[in-house]
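Following: one structure in structure tokens, then a few remarks.
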Amino acid sequence: KRFLQMLLPKAGGQHEDATDTGTSRAFSKKTLTWRLVGEAYSSQLSVDEQRYIFRLAFRMWSEVTPLDFREDLTAPGATVDIKLGFGRGRHLGCPRVFDGSGQEFAHAWRLGDIHFDDDEHFTPLSSDTGISLLKVAVHEIGHVLGLPHTYRVGSIMQPNYIPQDPVFELDWSDRKAIQRLYGSCEGSFDTAFDWIHKEKNQYGEVRVRFNTYFFRNSWYWLYENRNNRTRYGDPLQILTGWHGIPPQNIDAFVHVWSRGRDERYFFKGNQYWRYDSEKDQAYMEDEQGRGYPKLISEGFPGVPSSLDTAFYERRQQLIYFFKESLVFAFDVNRNQVLNSYPKKMTQVFPAIMPQNHPFRNIDSAYYSYAHNSIFFFKGNVYWKVVSDKDRRQSSRLPFNGLFPKKSISEKWFDVCDVHMSTLNM
Amino acid sequence: ERLFHSRDRSDLEPSPLSRAKPIADLHAAQRFLSRYGWSEVPSVWGTSPQGSAEAPVGSTLAQAMRRFQRANSLPASGKLDSPTLAAMNRPRCGVPDTRLPPQSALSTPPAPIIPYSPRPRSRP
């Protein structure tokens, strides 16, 4: 007991408000390892099911924090960061004995281990009876990462089990709580674009919707602007969601959308692909039977490769291609680069605040329908281009001027990586 | 094997021996309040549910009870009434409600510290 008291934090803390009681990050590593301890499998679910549920539980925290979680089945047990196990009554050398079915169904030790009471009826993902092992696992992992209990309705960190439909997600406040400990997700993007969906409603009227996509390496996110977060369960692998385009490191996406034209192109290296929105796959060949991918120099004469990025400017019906510090304005109707181009980026898109400019090698030029503005991404910051609305409010602003840079993660939230081993879950 | 008849084992019966003793009286309630950190008395994670945690007494018990009731959106009477007992008997996590879980008694040695760690990890 004396030993335990040495280990345990001092008594105290604010009983009234259990939400913000001095929590601090528990780990200072970016990638944490975990393992379901071999001699402590549950007797209720198959081992694969248990491991899958835990892998999903860790992934769910990874989707909202800069942390990665990797299942480690081989390293010496002592070096594994988080160990999970099932037990009944007195278990796994733990000083805290489980009470049988009912009441206490699991507990966690900060910086260490998670124990589940195998007398409880833990159920898999598809079940809506019993106690969802996924929900309990996400809760206990929250403790291990440093989050305390809270009585906030909707939080996964409520002390009592709340039976509800099997689908649950980390809500906004839980995300902010864990991000207060580990920071928000940062990182550069290969490209970002809005994808237009055209639908006919029951009256036959065409309706236009759009989704925002962020591409990074071989995975991507759909960003739900109205919910200020990525889609639940993203990122996904590009090759699972987009067919016929390169599976990684896309340079640019351009949507030529004007009266009578609706063409979508992906660019990588010295080639480009055209994408068929209806069939959700890249065209194999054009109307003349010539195959895709094609050389950029053929389809867009005068445009260099490999590109940094590109976007389509609908009012002027120009595609702006970016490479290093240069901009090429391509007239899609005359199929050629304007004579006065290429120009310096700083000339076409001048900085409003001196020296506050990306100058060269931007990652992505993204026209957002949600914000009716163009954004230049570079690393984990963005520059917003002066829009018509901005100029109506302040005519002194330069045409196509760039506002000072800001952090991408403060405008687009929770665009987080997950460990490669869980990417295709 | 524990007894079940449906494929998804949804009717799995816990073995009678290992059912948690319901919290039904003041003594059990005192232990619950102490165990989950609702009493002012330093709560020691007991070595067993029946454990030797010091239970709050007197007005401190009523205060602890009221704190628990308030947190669970129950009338803060300070008395052990049936809604309070029901709240205490709901399935729950074993980590105390009012503070972070203690460090693992089984803890692993500290992992190598990446330079940007704000503070050194304490050794077990």
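Residues whose amide H lies under 5 Å from that of A:Ser364, counting only those 5 or more places away or on a different chain, are A:Phe377; hydrogens are built 1.01 Å from N in the peptide plane.
Need one word for the stretch A:56-129: rounded, prolate or oblate. Basis is the Cα gyration tensor (sqrt eigenvalues a ≥ b ≥ c); a/c below 1.5 gives rounded, then a/b vs b/c decides. Cα axes put the stretch A:56-129 in the oblate bin. With each label modelled as a point 7 angstrom along the Cα→C-beta vector, the A:Arg392-A:Gln288 pair spans 4.3 nm. Across the stretch A:47-70, the residues whose backbone nitrogen lies under 16 Å from the label position 7 Å along the beta-carbon direction of A:Phe168 are A:53-54, A:56-61. Distance from the C-alpha centroid of the stretch A:19-83 to that of the stretch A:277-304: 45 Å, rounded to the whole angstrom. Exposed loop sites here mean GluC sites (Glu not before Pro) with a DSSP loop assignment and at most 16 other beta-carbon atoms within 10 Å; chain A contains its longest site-free run at A:17-168. Amide H contacts for A:His91 (H built 1.01 Å from N in the peptide plane; partners 5 or more residues away or on another chain; cut-off under 5 Å): A:Phe98. Converting phi to 3J(HN,Hα) with the Karplus coefficients 6.51, -1.76 and 1.60 and the offset θ = phi - 60°, the stretch A:326-331 yields 9, 10, 10, 9, 10, 7 Hz in sequence order, with x at every glycine or proline. Axis of helix A:133-145 versus longest Cα principal axis of chain A: the two differ by about 90°, to the nearest ten degrees. For the segment B:64-70, counting C-beta atoms of other chains within 10 Å of every residue's C-beta and taking the mean gives 1. With both labels modelled 7 Å from their Cα along Cα-to-Cβ, the A:Ser126 to A:Asp48 distance reads 1.3 nm.
Taking each residue in A:92-99, count the Cβ atoms of any other chain within 10 Å of its Cβ, then average. What number comes out?
6
In the Gaussian network model of chain A, springs joining C-alpha atoms below 10 Å, which of A:Tyr341, A:Tyr151, A:Tyr203 carries the largest mean-square fluctuation? Among A:Tyr341, A:Tyr151, A:Tyr203, the largest GNM mean-square fluctuation belongs to A:Tyr203. Could you check the spin-label model distance between A:His243 and A:Leu181? Points 7 Å from the Cα along Cα→Cβ, value in nm. With each label placed 7 Å out from Cα toward Cβ, I get 4.2 nm. Per residue of peptide A:147-159, the mean number of Cβ atoms on other chains within 10 Å of the residue Cβ is 4.
Computed from backbone phi, the HN-Hα couplings of the stretch A:189-206 come to 10, 6, 7, 9, 7, 9, 9, 8, 10, 10, 10, 9, 8, 5, 9, x, 7, 7 Hz, rounded to whole numbers (Karplus: 6.51 cos²θ - 1.76 cosθ + 1.60, θ = phi - 60°; Gly and Pro given as x).
Here the Karplus relation 6.51 cos²θ - 1.76 cosθ + 1.60, evaluated at θ = phi - 60°, turns the backbone of the stretch A:48-65 into coupling constants of 4, 5, 4, 5, 5, 5, 5, 4, 5, 4, 5, 4, 4, 6, 5, 5, 10, 9 Hz, with x for every Gly and Pro. The A:Tyr41 and A:Met425 beta-carbon pair, evaluated with R₀ = 25 Å, returns a calculated FRET efficiency of approximately 0.75. Computed from Cα positions, the angle between helix A:172-182 and the longest principal axis of chain A comes to roughly 80 degrees. In this structure, the amide hydrogen of A:Gly269, modeled 1.01 Å from its nitrogen in the peptide plane, lies closer than 5 angstrom to those of A:Asp251, A:Leu307, counting only residues at least 5 positions away or on a different chain. Sequence neighbours fewer than 8 away in the same chain don't count; with that in mind, list the lysines whose C-alpha is under 18 Å from A:Lys198. Leaving aside lysines fewer than 8 places away in the same chain, those within reach of A:Lys198 are A:Lys279. Going by a ≥ b ≥ c, the root eigenvalues of the Cα gyration tensor, does the stretch A:258-405 fall in the rounded group (a/c under 1.5), the prolate group (a/b larger than b/c) or the oblate group? In terms of gyration-tensor shape, prolate. What shape does the stretch A:145-218 have by the C-alpha gyration tensor, where a ≥ b ≥ c are the square roots of the eigenvalues, rounded means a/c under 1.5, and otherwise prolate means a/b greater than b/c and oblate the rest? Note, shape of the stretch A:145-218 comes out oblate.
Laboratory data are not the source of any read-out in this text; all were calculated from the coordinates shown. All of these numbers come straight from a predicted model, not from anything done at the bench. Note that each Cβ is placed from the backbone with ideal geometry, even for glycine, and that neighbours are counted across all protein chains shown.
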